[in-house]
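The values are calculated or read from the model by the stated rules, or taken from the named source; none is laboratory data. Remember, it's a predicted structure, so these values are computed and weren't measured experimentally. All Cβ positions, even for glycine, are placed from backbone atoms using ideal geometry, and neighbour counts span all protein chains on display. For the accessible areas, the whole protein counts, side chains as well, though only heavy atoms, and no ligand, DNA or RNA atoms are used. Shrake-Rupley method; radii C 1.70, N 1.55, O 1.52, S 1.80 Å.
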Amino acid sequence: MKRVTRVLLGAVAMVGLAVGVAQADPQKAEVFHWWTSGGEAAAVKEFAKAFNAAGGEWVDTAIGGSGATARPIGINRIIGGDPPAAMQFNTGKQIDELVAQGLIRNLDDIAEKEGWKAALPPAFYDAVTRDGHVIAVPINNHGQNWVWYSKPALEKVGAAEPTTWDEFFAVGDKLKAAGIIPVAVGGQPWQLNLMLNAILLSEGGKDLYLKVYKDLDPEAVKSPEFKKVAEIFGKIRDYSDPGNPNRDWNVATGMVITGKAGFQFMGDWAKGEFVLADQVAGKDFGCILGPGQKNFIMGGDVFIFPKLKDEAGTKAQDLLATTFMSKDAQVAFNAKKGSVPVRLDVDNSKLDACAQIGVQVLQDPDKQIPAADILASADVVQSLTDVVAEYWANPSMTADAFVEKWNTAVEQAK
Amino acid sequence: MKPRRRKNVASYVALIPAFIIVVFAYLGTMLWTVQISFTDSRLLPSMNFIGIRQYERLFATPRWIISLENMVIFGVGLIFVCLILGFLMAAALDQKIRFENTFRTIFLYPYAMSFIVTGLAWQWILNPTLGVQQYVRNLGWTDFRFDWIIQNDKAIYVVIIAGVWQASGLVMALMLAGLRGIDQELWKASRVDGIPAWRVYLNIVVPMLRPTIITSVVLLSLAVVRVYDLVIALTGGGPGIASEVPAKFILDYLFGRSNIGLATAASSVLLVIVLVIITPWLYYEYFRPERAKGAK
């Protein structure tokens with residue numbers, strides 16, 4: 001009898017303790033995101049750990065699939081009056097309407113107190129600012145215009161890393177002669193669009209890129225320089241294999257890993273595949289920002305903070321924003337995600353050889369190029385993706401016809 | 001008389017919830033969709049009306065035109081081939097063969113799989129560097145070509161192949177049920193008269209199967225209008241935009257491209273197509289007066 005009482009008392013005391021802890025710890029924040037793959041989930045845990053260590057309580061709401069699946073769910077919750085404390089978006093114009101409707105908190109105080117403006121690349125600072133107010137926290141910087149190549153494949157044909165497009169195609173001819181597929185292409189529209197943008201920057205340069213995507217200038221698209229870009233893009237068709245339509249990006253990366261193919265145009269998430277295959281950057285595989293002009297196309301993710309009614313929730317948001325931008329959490333998260341920290345003032349010495357190239361290029365503000373999604377609306381960018389895919393799939397389409405379709409698509413979607 | 005009417009009232013009362021759901025959830029959202037299609041809604045629905053601008057853009061977009069064409073090709077191909085194959089399989093099973101249940105299971109099995117699985121499987125089978133083409137080439141015929149999946153003008157036929165593989169089993173099951181419903185005396189009589197079996201099938205059985213055929217066509221048409229996951233898994237709408245379909249167009253613009261206005265305009269067009277083509281035909285087939293008065 002006595003023992004039973006003691007156990008019961010003990011249980012009551014423990015419950016009381018648990019409640020006590022819960023009351024002393026009100027910084028509860030629900031974080032809504034779609035990072036569910038192995039590496040992504042591991043990366044998110046780093047933020048959760050940092051937030052919990054800072055006195056918060058991370059409530060994880062991860063929706064599987066891509067942003068196209070998760071975003072409408074989150075937006076519905078925000079409009080329906082049951083917003084999470086923070087919600088992921090891609091860096092870009094996706095959030096414009098939520099901002100215009102006044103559904104999102106501004107973070108001016110925190111941003112100023114912690115000096116975000118000095119720490120961020122200007123393009124990213126602009127990307128999270130609307131009418132002079134900071135309305136989101138940038139999380140990561142994904143380089144989108146990398147060319148990955150297999151070192152053994154290039155060694156086999158005695159070729160060095162190409163630095164111009166002529167060299168690139170010369171290496172391609174050698175690879176072809178050796179029975180290696182020169183370029184592993186994933187023929188899905190978004191991948192083709194990444195490839196076109198990489199060529200646009202390396203051949204056409206920053207000014208042309210910005211005129212095409214930021215100003216949506218039809219004259220720039222009609223220029224001989226842009227036509228040259230389209231021709232290089234079209235020429236790569238002859239250097240890819242017939243199995244490219246609808247190929248997933250990681251399958252294409254696998255072709256480079258195994259040395260079946262020489263090159264691949266893909267963002268830095270491809271590095272995860274190389275690393276999983278126990279390959280080392282700079283030793284087993286190489287990476288080029290270019291060939292030609294070196295620029296860094298920056299894309300990534302942001303978190304927005306919907307306006308909350310209760311003050312405790314708002315306080316938790318403050319803590320969350322600070323955590324996202326803290327130097328330690330930035331490095332820990334991005335090392336696992338494969339991206340580069342958004343802050344330029346962190347210690348990058350632990351990053352691999354390819355990321356080092358990226359970081360070095362990023363030191364020059366002139367080479368920090370915002371991704372197309374940051375410059376133009378989703379509708380414009382995706383409509384252009386259709387045009388690019390159509391051009392790629394149809395070798396008989398001329399560069400002039402491509403230019404014309406491009407301008408029509410912009411005109412319609414703008 | 002009186003008890004019967006009471007029964008009717010009771011059944012109407014029982015139907016009220018269903019009726020309300022249909023009116024509000026179904027007709028309501030339908031009207032709302034049509035209304036939104038005349039606005040400039042992007043990420044969020046707005047009530048800023050802009051006339052028929054979304055429709056003008058829709059029909060000036062090559063991808064939408066290709067989607068519509070593909071829906072027609074896919075629809076005609078799928079329905080036609082499925083009906084013929086389904087009927088042949090059913091007629092074969094109807095010959096009182098051994099292991100009928102086994103065959104029936106095999107024929108019906110693909111239908112139990114999701115379109116995603118079907119699409120992925122066929123994507124591998126038809127991929128020129130992995131599937132059939134490479135296999136035959138490895139056997140020695142090095143010039144063998146079967147790469148429709150990467151050809152602009154043939155990709156949609158690949159979708160038909162996978163669709164037929166999936167759906168003809170269902171048609172078979174329906175047809176078999178219809179065949180089993182046919183009076184055995186008919187067969188005896190035709191045998192006495194010495195009429196060949198194929199003529200009996202063609203001239204007597206097929207006309208008698210008319211309701212079954214209509215049911216099959218309706219079910220297949222629904223699959224045609226909403227075909228989405230099969231294309232996603234099989235071709236991704238490619239090469240380029242060559243095998244795009246309307247449902248994929250709508251979902252892409254609704255979610256990926258934050259253009260609710262254009263997406264609802266496209267859905268409204270689909271709705272009109274269904275209303276204009278299928279509904280009058282269904283009405284004609286199911287409710288025409290002479291039939292109601294006639295046979296039964």
In whole percents, the bins of 10 Å from zero upward hold the Cα-Cα pairs of region A:263-314 as 17, 34, 19, 13, 15, 2
Excluding ligands, DNA and RNA, the carbon-plus-sulfur percentage of the accessible area of region A:131-175 with a 1.4 Å probe reads 50
The aspartates and glutamates whose Cα lies under 20 Å from the Cα of A:Lys156, excluding any fewer than 8 residues away in the same chain, are A:Asp166, A:Glu167, A:Asp173, A:Asp241, A:Asp284
Cysteines of the protein assembly as shown without any disulfide-compatible partner (other Cys Cβ under 4.7 Å) are B:Cys82
extent check for chain B: Cα max minus min per principal axis, descending, whole Å, gives 81, 72, 28
Accessible-area loss of at least 30 Å² in the complex relative to the chain alone (1.4 Å probe) applies, within region A:230-256, to A:Pro242, A:Gly243, A:Pro245, A:Asn246
Taking only protein heavy atoms and a 1.4 Å probe, the highest-to-lowest accessible-area order of A:Thr323, A:Thr163 is A:Thr163, A:Thr323
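Rounded, prolate or oblate, given the Cα gyration tensor of region B:5-114, with a/c below 1.5 counting as rounded? Let's see the in-between values first.
Working: a/c = 3.53, a/b = 1.38, b/c = 2.55.
Because a/c hits 1.5 or more and a/b fails to exceed b/c, region B:5-114 counts as oblate.
Based on the Cβ-Cβ distance from A:Ile73 to A:Glu97, what FRET efficiency comes out when R0 is 22 Å, to the nearest 0.05?
Taking R0 as 22 Å, the efficiency between A:Ile73 and A:Glu97 is 0.85.
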Packing-ranked peptide list from A:182-190, B:114-122, highest mean Cβ count within 10 angstrom first, is A:182-190, B:114-122
Plugging the Cβ-Cβ distance of A:Asp347 and A:Ala401 into 1/(1 + (r/R0)^6) at R0 = 56 Å yields, to the nearest 0.05, a FRET efficiency of 0.65
So, with points 7 Å from each Cα along the Cβ direction, the B:Ile204-B:Val117 label distance in nm works out to 4.1
The pairs in A:Lys117/A:Lys367; A:Lys228/B:Lys248; A:Lys214/A:Lys294 lying past 23 Å Cα-Cα in this model are A:Lys228/B:Lys248
Note: B:225-236 gets an average of partner chain Cβ contacts (10 Å, Cβ to Cβ) equal to 1
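At a probe radius of 1.4 Å, figure out the A/B buried accessible area, summed over both chains, and give it in Å² to the nearest 100.
Numbers: alone 18580 and 17970 Å², together 34260 Å².
Roughly 2300 Å² of accessible surface disappears when A and B pair.
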Cα-based Rg then Dmax for chain A, in Å, read 23.9, 93
At q = 0.14, 0.16 1/Å the base-10 log of I(q)/I(0) from the Debye formula over the alpha-carbon atoms of region A:240-371 is -0.76, -0.92
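With a length cut of 27 Å (Cα positions projected on each helix's long axis) and a Kyte-Doolittle mean of at least 0.5, go through chain B and give me the DSSP H helices that pass. Please report the intermediate quantities before stating the final value.
Details: long enough: B:2-21 (30 Å, 0.19); B:62-93 (45 Å, 1.94); B:155-180 (38 Å, 1.77).
Both cut-offs are met by B:62-93, B:155-180.
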Ordered by number, the residues of region B:6-51 that have at least 40 Å² less accessible area in the complete protein assembly than on their own chain alone (1.4 Å probe) are B:Arg42, B:Leu43, B:Leu44
Tilt, helix A:327-337 to longest principal axis of chain A (alpha-carbon atoms), in degrees rounded to tens, equals 50
As straight-line cross-link partners of B:Lys188, the qualifying lysines (C-alpha separation under 20 Å, not fewer than 8 residues apart within one chain) are B:Lys96
If every Lys and Arg gets +1 and every Asp and Glu gets -1 at its Cβ, then about the Cα centre chain A yields a dipole, in debye to the nearest 20, of 1260
Descending accessible area (1.4 Å probe), largest on the left, turns A:Val31, B:Val81 into B:Val81, A:Val31
SASA check, A:Asp352, accessible area w/ 1.4 Å probe, all protein chains in place, rounded to nearest 10 Å², comes out at 50
For chain B, the percent of accessible surface on carbon and sulfur atoms (probe 1.4 angstrom, ligands and nucleic acids excluded) is 70
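Report, please, the projected area of the protein assembly as shown averaged over directions, based on the convex hull of its C-alpha atoms, in nm².
Values: hull surface 186.2 nm².
The number I arrive at for the protein assembly as shown is 46.6 nm².
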Expected field for A:Tyr209, accessible surface area in Å² at 1.4 Å probe radius, rounded to 10, holds 0
